[in-house]
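The values are calculated or read from the model by the stated rules, or taken from the named source; none is laboratory data. Small disclaimer: the values here were computed from a predicted structure and weren't measured. Positions of Cβ are backbone-derived with ideal geometry, glycine not excepted, and every protein chain shown enters the neighbour counts. Remember, those area values only see protein heavy atoms, side chains included, never the ligands or the DNA or RNA. Shrake-Rupley method; radii C 1.70, N 1.55, O 1.52, S 1.80 Å.
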Amino acid sequence: MIKLYQFEISTYCQKVSRILHWKRVPYEVVEVPVSKSRSIRAYSPTSKLPAIEHNGKYIYDSTNIAHYLEEQFPNPSLVPAERERQALCHVYEDWADESLYFYMMKLRWLPQNKREWGNALANYDRGIVRFLISRLAPKAVLGILDKQGVGRKSEAVALEDIRRHLNALSITLEKSSFLLGDELTLADISVFVQFDGMNGTAEGKEVIGRYENVKSWMKRVRQLTDGK
Ligand SMILES: N[C@@H](CCC(=O)N[C@@H](CS)C(=O)NCC(=O)O)C(=O)O
């Protein structure tokens, strides 16, 4: 059976679990405590999660995992067959992974939210380690966000950027049920997990709430890919 090594709150890990649910592939979750992050290098050379183990082979990075799963379990498909939609699917996925992700993180680690997410991050550690992680993690994450750049923006500027992203998404969804037409693709799952993460903060929920068609698209994607 496939093993999914994950941090529960990671939206990249949620992307992979949603793909597995959509494809109805049984899997086992291995929750990695944040304090054990160093051990990840044994199966993920970047020391990042998600990673999966399948038939004795390790695959890391949600994009590589998505394409591997598509190859191994082609039905139902997630990557469009035609070249042009395939190219667009890649662009949407990269938008989600390399831009939207950092806005999602910005919202989670706002001063008023960072205690909650520090606790969530430390959830699989115990005792003093758990306490230390919950208190030290915000500083470490904010350091990453600061280097990347979104962390240096004010809350108001970041929310205005997010509103612009939502506007683009909303326009795209005016003519079709999903991002690349009438069927769910990897583009939808990739973009969904980042907005779903934003929706888990009061600030994100408020701004997403202004876009009715985005909310109904999120409901559709959630229903199709939720294992619960
Ligand atoms: N491009 C990677 C990004 C994965 C990633 O950044 N994962 C984060 C968790 S959300 C991580 O493992 N961070 C630990 C670290 O940077 O050391 C993917 O799509 O899988």
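For this structure, a couple of remarks:
- Considering residues of segment 171-210 that are of a type in the set (S, T, N, Q) and touching a Lys or Arg at 6+ places or on another chain (Cβ under 9 Å) only, the residue surrounded by the most Cβ atoms within 10 Å (Cβ to Cβ): Ser190
- Of all residues in segment 17-45, those satisfying the criterion of being among the polar types (S, T, N, Q) and assigned to a helix (DSSP H, G or I) are Ser17, Ser35, Ser37, Ser39.
- For segment 50-65, filtered to residues that are under 19 Å from Lys15 (Cα atoms) and away from the ligand (no atom under 12 Å from the Cβ), the residue that is surrounded by the fewest Cβ atoms within 10 Å (Cβ to Cβ) is Tyr58.
- Among the residues of segment 125-155, the ones that are buried (at least 18 other Cβ atoms within 10 Å of the Cβ) and farther than 24 Å from Leu100 by Cβ come to 3 in all.
- Only residues that are open to solvent by 50 Å² or more (accessible area, probe 1.4 Å) and more than 13 Å from the ligand (Cβ to nearest atom) were counted in segment 1-21, giving 3.
- Look at (1) open to solvent by 30 Å² or more (accessible area, probe 1.4 Å); (2) among the polar types (S, T, N, Q); (3) within 9 Å of the ligand (Cβ to nearest atom); (4) over 29 Å from Gly127 (Cα atoms) and you find that Ser47 fails only one, number (4).
- Selected residue [in contact with a Ser or Thr (Cβ under 7 Å, 6 or more places away or on another chain) and assigned by TED's automatic domain parsing to the domain that holds Thr201] from Gly143, Gly127, Gly118: Gly118
- All conditions in (1) in contact with a Pro (Cβ under 6 Å, 6 or more places away or on another chain); (2) more than 16 Å from the ligand (Cβ to nearest atom); (3) touching a residue at least 12 places away in the same chain (Cβ under 8 Å) hold for Gln86, with the sole exception of (3).
- Single condition Pro26 does not satisfy, out of (1) more than 18 Å from Val79 (Cα to Cα); (2) near the ligand (Cβ under 8 Å from one of its atoms): (2)
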